[in-house]
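Visitor: The following block contains the structure, expressed as structure tokens.
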Amino acid sequence: MKESLRLVTPVPGVVRRAVRDTELIGHLVPENTIVTASLHGAHHMHEYWPDPERFDPERFAGHRREVKVHKHAWTGPRCPAPKTACRSASNGSDRHHGRFLCGQDI
């Protein structure tokens, strides 16, 4: 499931408002500035994902765990991907394959 979410990001980006003046990658971001982050772009960066355009579910296997390369990958209570994917999968599978259970580690 995680590799599918990485490759075809259900939420392509997030939008936030800066709550105070801050610096981001050497640039001043004034308070109340709208900031966007491209999740799709982050999921296809060569610095974090070897051969990022290739579907490779094994990249999340315990012996590889490429997800640990980036400290913010798949973390945080505001990360919508696992819940969004689980809802999408359960909606489709309920109709076609009976019941779908969403686990903690999808």
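The values are calculated or read from the model by the stated rules, or taken from the named source; none is laboratory data. Small disclaimer: the values here were computed from a predicted structure and weren't measured. Cβ atoms come from the backbone with ideal geometry, glycine included; neighbour counts cover every protein chain shown.
Table: residues versus (1) modelled with pLDDT under 85; (2) surrounded by 11 or more Cβ atoms within 10 Å (Cβ to Cβ).
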position: Arg17; (1), (2): no, no
position: Arg20; (1), (2): no, no
position: His46; (1), (2): no, no
position: Pro50; (1), (2): no, yes
position: Arg54; (1), (2): no, no
position: Val69; (1), (2): yes, yes
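Visitor: Surrounded by 13 or more Cβ atoms within 10 Å (Cβ to Cβ), more than 19 Å from Glu53 (Cβ to Cβ) and touching a strand residue (DSSP E or B) at 6+ places or on another chain (Cβ under 6 Å): which single residue out of Val35, Val29 fits that description?
Guide: Working: Val35 fails: surrounded by 13 or more Cβ atoms within 10 Å (Cβ to Cβ).
Within the list Val35, Val29, the selection yields Val29.
Visitor: Can you tell me which residue in the range 3-15 is nearest to Phe55 (Cα to Cα), limited to those that are surrounded by fewer than 13 Cβ atoms within 10 Å (Cβ to Cβ) and either touching a Pro at 6+ places or on another chain (Cβ under 6 Å) or aliphatic (A, V, I, L, M) (or both)?
Guide: Among those residues, the one meeting the criterion is Val8.
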